[in-house]
Amino acid sequence: MNMIDQLNITDFQLFTDENADSSVSNSYKFSSKMVLSAFHAQPHGFLNGGASLALAEITAGMASNTIGSGQYFALGQSVNANHLNPKKCEGFVNARGLLLKNGKRNHVWEIKITDENEKLISQITVVNALVPIKKL
């Protein structure tokens with residue numbers, strides 16, 4: 001079992017936004033969902049911030065790898081998070097990412113994690129290093 005399965009991350013989709021701001025690199029976006037259970041909770045029954053970080057880093061990596069189409073492999077380089085609102089560990093959260101920088105050596109993703117009512121739970125930035133497949 002991998003972390004995607006353990007964290008119950010589902011519904012990953014990568015897409016482009018034709019109506020996006022032209023200053024945003026290639027307008028790549030992604031969305032995914034994490035169904036919550038006691039596994040995701042900290043001792044007081046709220047969503048553990050580490051689970052939110054894992055959701056963001058895993059889905060940003062999946063998006064970067066999909067964009068790379070086998071030319072490179074994305075490795076998490078840095079993660080910065082602000083947990084803005086608590087979430088009882090029930091129901092689900094959505095992760096929506098926007099590619100801010102589509103560089104030759106890295107991708108910078110802005111990820112917003114929201115609850116079922118679109119309330120912002122966390123805002124997370126993930127930087128992925130892009131390693132050419134031939135170097136692995």
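The values are calculated or read from the model by the stated rules, or taken from the named source; none is laboratory data. For clarity, every value in this text was computed on a predicted model and none was experimentally measured. Note that we place each Cβ from the backbone using ideal geometry, even for glycine, and neighbour counts take in every protein chain shown. Side chains included, ligands, DNA and RNA excluded: accessible areas come from the protein's heavy atoms. Shrake-Rupley method; radii C 1.70, N 1.55, O 1.52, S 1.80 Å.
For this structure, a couple of remarks:
- Under 17 Å from Lys134, Cα to Cα: lysines that are on another chain or at least 8 residues apart: Lys104
- Span per principal axis, largest first, for the Cα atoms of the stretch 25-70 (Å): 41, 20, 15
- Rolling a 1.4 angstrom probe over the chain with all protein chains present gives an accessible area of which 50% lies on carbon and sulfur atoms.
- A convex hull fitted around the alpha carbon atoms of the stretch 53-117 yields 95 Å³ per residue.
- Rounded to the nearest 20 debye, dipole of the chain from Cβ charges on Lys, Arg, Asp, Glu: 500 debye
- Surface per residue (accessible, 1.4 Å probe) for the chain, Å²: 55 Å²
- Within the chain, antiparallel bridges make up roughly 100 percent of the DSSP beta bridges whose residues both belong there.
- Calculated P(r) tail over 19 Å for the chain, as whole % of Cα pairs: 49 percent
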